[in-house]
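Undergrad: Take a look at this one; I'll ask things after.
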Amino acid sequence: MKKTLLLLAFFPLSSGLVAQRPATRAFVDEEGIIKTESVVTQLPPAARDGLTPMPGFPLSFGSNTTYKPMRGLALADLNNDGADEIILCHNEEINVIDGQGNVLWTQPLVGGMAQYPAAVGDIDGDGAPEIVVLTAYGNARGGINVFDATGATLISEVTNNNPLICAPVLADINNDGEQEIIFCGRGKASASIAAGVHVWNLQGEELPGFPYELPSTPAFTPTAADLDGDGFLELFIATTSTLHCLNHNGEMLYTVDGEEAYKYSYQSPLVVDFVGDGNWSLVGACHGDNPNHYVRNAHTGEYREGWPKPVSSWTYSAPTAVKNGDEYAIFMGVSGEGNVFYQYDTDGNTAPGFPLNLTSGIEGFVSVADIDGDGENEIITDFNLMDGGEGFIRAWEMDGTEVTDGFPLRPQGLTYMNGANFGDIDGDGMLEIVTLTYIQNFSPDDPVYVTAYALNQPVKNLVFGTYKGSNDRIGWIREEEAPMVSCNPVRDLEAESGGDVSQVYLHWTEPEAGSTGNLLGYRILKNGELLADLVEVTEYVDDEVAFFETYEYVVIAVYDDNCESACAPLTVEVIPDAVAECGKEAKIYPNPANDIIHLEGTDLLQVEVFNIVGQSVLRIGENLEAIDISHLQNGVYFVRLKTNDEEKTVKLVIEK
């Protein structure tokens, strides 16, 4: 059989068979070092109308001779211009690049080289993001590097023989309104930063209860989630042999022993609520002598029914879990060749069309997006092979059919252990794919490449497009919540009426601060009908009124986030300042009055007293000869006298 395979590599095959060709396959050893080997194998199909790099790309940078970057890039809008910047961490520096391929700023990294991407988030809540990068160099050194959005250094601390090899996590673990920096140290007791789990604030201060000491080498980027809904986050972290769940005070909730059959390493898990009932699951992978893909009860660490799923080969594959329609789909890969890429449902059933039987493995992060605008999601992966100095970014339909319209992408260098990063780097509202690739010859001349491709699909088509699904690397997959919108109503709506002409003068105080939108103006309703729209001042005069008529006014504050807030209705009766005295049939005295007013006249049926803005404050239909007004305050009032024949109104002054 071996002879037949060799012949296939060098001689044409009969129709329907695909020739095998020499290629380079990448793999990673137990020390996390990427290595390559020459193979003769079948390559992916060529793309139809393949996407070409955007102007200004690819870019080439230097790399470490031994260690190459894993898990891709960060794409984040650092300067609030509507376009994502590309944040590249490689060798011993960080570069921030715009959508035209210009390097905006570069800073050195202390403590060694960056093998994992940066975490990006607004740590202090000031509206501007911070960037956190961890470094290492083999089993020595390491450092934590924190920059603001302009590249100014906020924290720069070398660990002294304690490498920080995975990505940091940014999360508000203690519910204080600011994010903390969560990371793991791998090194020796003599290090300035201890081995174990650390939680720092932006001032470089450790939170109480941390560091949490681990019994052996920590192995992956932490994951954080609020399991019990109390506003405080729980942490998941592992050594190569044991999974640990901690609370926000650094107290151990439970551990899961790998029993030496498998290892937790570099496959940072996700926390997902599959059915929306608060019953969270931990989704991840293990390598070692008994590699598997697992789903555990995140509250207890026990396997969910149907899990784990044994796989054929070691894996450093980080999981992806996304909502696809009404159900979740889980994606994980393995190394080697054969059945190397899996899609599961939440019960551990392999999806139709999977696993994919391929000539090499998939171990980078897996992205999910609707890349062709058909309303259905596609799966985008790395691939462990390189041919002619070019790697592969491959795409698949959810049924496992390979997408060849525009794919695979062919960036320079290996895509292994990275993947397809999605964002909008030119600010046009459309998605771009940005790849991080490299050449691994263990040479000082080995390059790292950044290449961008315009996908021409709207940003809303993206589902999962970076390591752990978000730039904060938290790994907590939640349903998207509608943004909280709040808008405050106007205050102190008042009205004045009367005078020689019939009119109502409305005035109010602007809303309290705290609305999420910008105030556009005021909409005024009169008896439920629109009277005026988007009035810009806090007053309005209504001339379309008649004396002795009653009107109801409402003022609505209108904001630019489609929020409107109405005040309570105000009822106004329009009464003139001066009215004719009643005839001899009816009299009111004394006027000005104090506590009691007396009425004289025949056939009086009802007496009603109104304040200056037309609000009824007293109505009496019996015992009308003497009326108690002691509860009314000093001021001008109007008294309406109703008889069988007519209604008349008299101005009344109360002075006490």
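The values are calculated or read from the model by the stated rules, or taken from the named source; none is laboratory data. These numbers were taken from a predicted model, which means no experiment stands behind them. Ideal geometry is used to build each Cβ from the backbone, glycine not excepted, and the neighbour counts take in all protein chains shown. Keep in mind that these areas ignore ligands, DNA and RNA; they rest on the heavy atoms of the full protein, side chains included. Shrake-Rupley method; radii C 1.70, N 1.55, O 1.52, S 1.80 Å.
Undergrad: Label points 7 Å out from Cα along the Cβ direction at Asn591 and Asn80: separation in nm?
TA: The answer from the label model is 6.2 nm.
Undergrad: Nearest 0.05, what FRET efficiency do Ser60 and Ala513 give at R0 = 56 Å with Cβ-Cβ as r?
TA: About 0.65, to the nearest 0.05.
Undergrad: Identify, among Thr571, Val554, Thr41, the residue whose Cα sits farthest towards the positive end of the charge dipole of the chain, taking +1 on the Cβ of Lys and Arg and -1 on the Cβ of Asp and Glu, with the dipole about the Cα centre.
TA: Checking the options against the dipole of the chain, the answer is Thr41.
Undergrad: If you put +1 on each Lys and Arg Cβ and -1 on each Asp and Glu Cβ, how big is the dipole of the range 89-210 around its Cα centre, in Debye rounded to 20?
TA: The dipole of the range 89-210 has a size of about 760 debye.
Undergrad: Suppose only helical runs count, i.e. DSSP H with n ≥ 4. What mean residue ellipticity at 222 nm does that imply for the chain under -39500 (n - 2.57) per run, divided by all residues and rounded to the nearest 500 deg cm²/dmol?
TA: -500 deg cm²/dmol
Undergrad: Just to verify a number: FRET efficiency for Val103 and Glu327, C-beta to C-beta distance, R0 = 60 Å, to 0.05?
TA: Calculated value: 0.90.
Undergrad: Another question, if that's okay. Can you work out the Karplus-derived ³J(HN,Hα) for every residue in the range 370-386? Use 6.51 cos²θ - 1.76 cosθ + 1.60 with θ = phi - 60°, whole Hz, and x for glycine or proline.
TA: 3J(HN,Hα) across the range 370-386, in whole Hz: 7, 8, 10, x, 8, x, 10, 6, 10, 10, 10, 9, 7, 7, 7, 9, 9.
Undergrad: Another question, then. Quick check: with the 1.4 Å probe, what order do Thr242, Thr150 take by accessible area, largest first?
TA: The residues order as Thr150, Thr242, largest area first.
Undergrad: Here's something else I'd like to know. May I ask you to evaluate 6.51 cos²θ - 1.76 cosθ + 1.60, the Karplus curve with θ = phi - 60°, for each residue of the range 419-435 and list the ³J(HN,Hα) values in order in whole Hz, giving x for glycine and proline?
TA: With coefficients 6.51, -1.76 and 1.60, one gets x, 9, 8, 10, x, 10, 8, 10, x, 9, x, 10, 7, 10, 9, 10, 10 Hz.
Undergrad: Another question, if that's okay. Please compute the modelled spin-label separation between Ser616 and Asp603, points set 7 Å along Cα→Cβ, answer in nm with one decimal.
TA: Here the answer is 2.2 nm between the modelled labels.
Undergrad: For the charge dipole of the range 394-507, defined by +1 on Lys and Arg C-beta atoms and -1 on Asp and Glu C-beta atoms about the Cα centroid, which residue among Ile477, Ala395, Met430 has the Cα displaced farthest towards the positive pole?
TA: Ala395
Undergrad: Here is a follow-up. Expressed as a whole number of Å, what is the distance separating the alpha-carbon centroids of the range 109-131 and the range 54-84?
TA: The distance from the Cα centre of the range 54-84 to that of the range 109-131 comes to 14 Å.
Undergrad: Let me have the relative contact order for the range 273-330, percent, based on Cα pairs under 8 Å that are six or more residues apart.
TA: 29
Undergrad: Roughly how big is the range 311-403's charge dipole about its Cα centre, with Cβ charges of +1 (Lys, Arg) and -1 (Asp, Glu), in debye to the nearest 20?
TA: 400
Undergrad: Quick query: amide H of Phe392 versus all other amide H atoms, modeled in the peptide plane; which residues come in under 5 Å with a sequence gap of 5 or more or a different chain?
TA: Those lying under 5 Å, H to H, from Phe392 are Phe383, Thr415.
Undergrad: From the P(r) of the chain, can you give the percent of Cα pairs sitting at distances over 50 Å?
TA: Taking all Cα-Cα pairs of the chain, the fraction more than 50 Å apart is 34 percent.
Undergrad: Extension gain Asn201-Asn175, at 0.36 nm per residue separation less the Cα-Cα distance, in nm?
TA: Here the answer is 8.1 nm.
Undergrad: Let me ask another. Just to confirm, what accessible area per residue do you get for the range 30-161 at 1.4 Å probe, in whole Å²?
TA: Accessible area per residue, the range 30-161: 38 Å².
Undergrad: Still on this model: All other residues with a Cβ under 15 Å from the Cβ of Gly517 taken together, and with Lys, Arg as +1 and Asp, Glu as -1, what is their net charge?
TA: Surrounding charge for Gly517 is -4.
Undergrad: Right, another one. What are the ³J(HN,Hα) couplings of the range 630-637, residue after residue, when phi is run through the Karplus curve with 6.51, -1.76, 1.60 and θ = phi - 60°? Round to Hz, x for glycine and proline.
TA: Rounded to whole hertz, the list is 5, 7, 8, 7, 4, x, 9, 10.
Undergrad: Please give, to one decimal in nm, the separation of the simple spin-label points placed at Phe232 and Lys642, each 7 Å out from Cα toward the Cβ.
TA: Simple spin-label model gives 6.5 nm for this pair.
Undergrad: Give me the accessible area of Arg48, 1.4 Å probe, in Å² rounded to the nearest 10.
TA: 140
Undergrad: Let me ask you something else. Would you grab the residues whose amide H sits under 5 Å from the one on Gly288? Only those 5+ places off in sequence or on another chain, please, with H modelled 1.01 Å from N.
TA: Those lying under 5 Å, H to H, from Gly288 are Lys263, Thr315.
Undergrad: Considering only protein heavy atoms, what is the solvent-accessible area of Ser38 at a probe of 1.4 Å, reported in Å² to the nearest 10?
TA: Its accessible surface works out to 110 Å², give or take rounding.
Undergrad: Lys460 to Glu494: FRET efficiency via 1/(1 + (r/R0)^6), r the Cβ-Cβ distance, R0 60 Å, to the nearest 0.05?
TA: Using R0 = 60 Å, I get an efficiency of 0.85.
Undergrad: Can you pull out the GluC sites (Glu not before Pro) in the range 318-392 that DSSP calls coil and that have at most 15 other Cβ atoms within 10 Å?
TA: Glu376
Undergrad: Quick one: which residues, 5+ away or cross-chain, put their amide H under 5 Å from the amide H of Phe407? H built at 1.01 Å from N.
TA: Under 5 Å from the amide H of Phe407: Arg48.
Undergrad: Shifting gears a bit: With +1 assigned to the C-beta of every Lys and Arg and -1 to the C-beta of every Asp and Glu, and no other charges, what is the dipole magnitude of the chain about the Cα centre in debye, to the nearest 20?
TA: Here the size comes out at about 3580 debye.
Undergrad: Ignoring ligands, DNA and RNA, what percent of the accessible area of the chain is carbon or sulfur (1.4 Å)?
TA: That fraction is 47 percent.
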